[in-house]
């Protein structure tokens, strides 16, 4: 088992600052979920940077609770109600998602808004090289990820009631504005490359404009695979989901190939020996599935995605400063902001 797999797999006792009144929650769930029976036991999942996630055990069944973190938060962040909405809508499609059971906007129950969904039994894979898999299984797992994202980008979001889930058009301009604002709101020190990107990105948005449903954080560790098969049972963590440009979503997912091995990525690995597709073949498979000839403006998308990642990491740095970060791993993420900004500016200069 790899280091990340060991660090993030499973549950732990609930951190002191993220505890809540379990009796109050049990009382609410008895009313909100058919067949719910106590007594209720609560643990916290180790993984996750943003919305604290808990494993609930009650009456011989398991559930998962996602809540807004307590304390000072950035505007529009941690929107668990949006996450509940997209999961509920996607349950009517072939996209694999957990079934939602209730949404509670009454903050008096556990201190912040939350929703509860079914617990999906399976594997969360934290290592991009899948060290416990054979080359054949690695190939199949990567293909399953590619197919599921292509399928998501082909969903008729109007037909499933998500027409107002985001604004169609001008996705990158709006996202750059949003993450620039979030970055400024949590800024802890000046980073020259971020200053340059704040001016460069809005001026260099590609003219190509498309709108699909996007996940926003589509990564290997944001899905649950079948216990023994290379099959996705549930795509998780839709906090950044919206209506947006599919190529922003796909190229973010592809950053794994351009992340050095020392940082947990695939760059510099012997992909053929591992059975993992090259970036070129992975892009070709996505294009084939979505009816594209090729992907242009790659360096812009890379600069944008690295900039967004830096802004998100800066938000985590702000939460570390304010004492509201959801994970012990948060300090490590917060420290990555300068290197992400430098990589983003390097990509921008190649456009």
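The stretch 238-351 holds helices (runs of 4 or more DSSP H) entirely within its bounds, and those carrying 3 or more residues that are over 22 Å from the mean Cα position of the chain (by Cα) map to 271-274, 279-290, 337-348. Could you check residue 107 against (1) closer than 25 Å to residue 214 by Cβ; (2) out of contact with any helix residue (DSSP H, G or I) (no Cβ under 8 Å at 6 or more places or on another chain) and say which number it fails? Only one criterion in (1) closer than 25 Å to residue 214 by Cβ; (2) out of contact with any helix residue (DSSP H, G or I) (no Cβ under 8 Å at 6 or more places or on another chain) is unmet by residue 107, namely (1). Within the stretch 257-274, the presence of at least one residue that is outside the structural domain of residue 70 (by TED's automatic domain parsing), under 30 Å from residue 71 (Cβ atoms) and surrounded by fewer than 23 Cβ atoms within 10 Å (Cβ to Cβ) is confirmed.
In the condition set (1) closer than 30 Å to residue 163 by Cβ; (2) touching a helix residue (DSSP H, G or I) at 6+ places or on another chain (Cβ under 6 Å), residue 89 is compliant with all but (2). Of the residues in the stretch 154-162, not one is touching a residue at least 60 places away in the same chain (Cβ under 8 Å), surrounded by 20 or more Cβ atoms within 10 Å (Cβ to Cβ) and outside any loop (DSSP other than H, G, I, E, B).
One line per residue, one yes/no per condition, for (1) more than 22 Å from residue 345 (Cβ to Cβ); (2) in the same structural domain as residue 247 (by TED's automatic domain parsing); (3) out of contact with any strand residue (DSSP E or B) (no Cβ under 7 Å at 6 or more places or on another chain):
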residue: 147; (1), (2), (3): yes, yes, yes
residue: 154; (1), (2), (3): yes, yes, yes
residue: 157; (1), (2), (3): yes, yes, no
residue: 176; (1), (2), (3): no, yes, yes
residue: 180; (1), (2), (3): no, yes, yes
residue: 183; (1), (2), (3): no, yes, yes
residue: 188; (1), (2), (3): no, yes, yes
residue: 220; (1), (2), (3): yes, yes, yes
residue: 223; (1), (2), (3): yes, yes, no
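Scanning the stretch 167-215 for residues that are in a loop (DSSP other than H, G, I, E, B), modelled with pLDDT of 95 or more and under 21 Å from the mean Cα position of the chain (by Cα), we see that the one that is surrounded by the fewest Cβ atoms within 10 Å (Cβ to Cβ) is 211.
Of the residues examined, residue 304 is not one that is buried (at least 16 other Cβ atoms within 10 Å of the Cβ), touching a residue at least 12 places away in the same chain (Cβ under 8 Å) and farther than 26 Å from residue 197 by Cα. When 94, 108, 128, 76 are checked against the criterion of being assigned to a loop (DSSP other than H, G, I, E, B) and modelled with pLDDT under 95, a single residue qualifies: 76.
When the stretch 324-351 is limited to residues that are over 20 Å from residue 303 (Cβ atoms) and surrounded by fewer than 18 Cβ atoms within 10 Å (Cβ to Cβ), the one that is modelled with the lowest pLDDT turns out to be 328.
The values are calculated or read from the model by the stated rules, or taken from the named source; none is laboratory data. Please read these numbers as outputs of a predicted model, since none were measured by experiment. Counting neighbours? That spans all protein chains shown, and the Cβs are built from the backbone with ideal geometry, glycine included.
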